[in-house]
Amino acid sequence: MNDTDIRTLLRLMRSSKQEYELYLSNGRTFLHARKLRENNQAVLDLIAAEGFGPDDTLGAGLQDLKEHLEDWAQCWDREQATLGPKDDDPFVFTGYKTYPKHLDALLAQYQKDRGRKI
């Protein structure tokens with residue numbers, strides 16, 4: 001991934017975190033879960049399109065993020081199909097791999113190593 005891709009990834013991740021906070025603070029409604037699903041898909045699409053190698057500084061963290069998002073999306077899709085919720089309906093599900101918090105530290109270190117904020 002180049003610097004532009006990393007900037008896009010960081011922007012998408014910030015957006016996901018903001019949407020997740022809105023989801024939590026607004027009754028865990030389907031509206032925010034749907035927006036989070038769309039944003040997370042954009043992250044997955046970016047990772048798939050740009051790829052990364054196992055030797056990349058961020059490779060392991062991005063692989064963990066990819067696995068988390070794919071697992072999360074499968075659970076989301078299954079529950080959405082089963083429940084058919086409306087935007088203001090609660091939408092809560094469990095059973096997916098947790099977010100790789102170590103990726104945040106990897107991204108911060110990547111930025112530091114580059115000598116600038118990306």
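Per-structure values
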| item | result |
| --- | --- |
| Cβ-based charge dipole, segment 1-93, positive-most Cα from 29, 80, 68 | 29 |
| Solvent-accessible area, 1.4 Å probe, carbon plus sulfur percent, for the chain | 49 percent |
| Accessible area, probe 1.4 Å, largest first, for residues 19, 70 | 70, 19 |
| Tilt relative to the chain, helix 59-83 - C-alpha long axis, 0 to 90 degrees, to 10 | 10 degrees |
| Qualifying lysines (Cα of each under 25 Å from Cα of residue 101; at least 8 residues distant if same chain) | 17, 35, 66, 112, 117 |
| 11 Å cut-off, amide nitrogen to a point 7 angstrom out along residue 86 Cα→Cβ, residues in segment 18-36 | none |
| In degrees, nearest ten, helix 30-50 long axis to first principal axis of the chain (Cα) | 30 degrees |
| Debye-sum result for the chain in log10 I(q)/I(0), which assumes one identical scatterer on each alpha carbon, at q = 0.20, 0.22, 0.23 Å⁻¹ | -1.10, -1.26, -1.35 |
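The values are calculated or read from the model by the stated rules, or taken from the named source; none is laboratory data. Model, not experiment: these values are computed from the prediction. Please note: Cβ atoms are built from the backbone with ideal geometry, for glycine as well, and neighbour counts cover all protein chains shown. Side chains included, ligands, DNA and RNA excluded: accessible areas come from the protein's heavy atoms. Shrake-Rupley method; radii C 1.70, N 1.55, O 1.52, S 1.80 Å.
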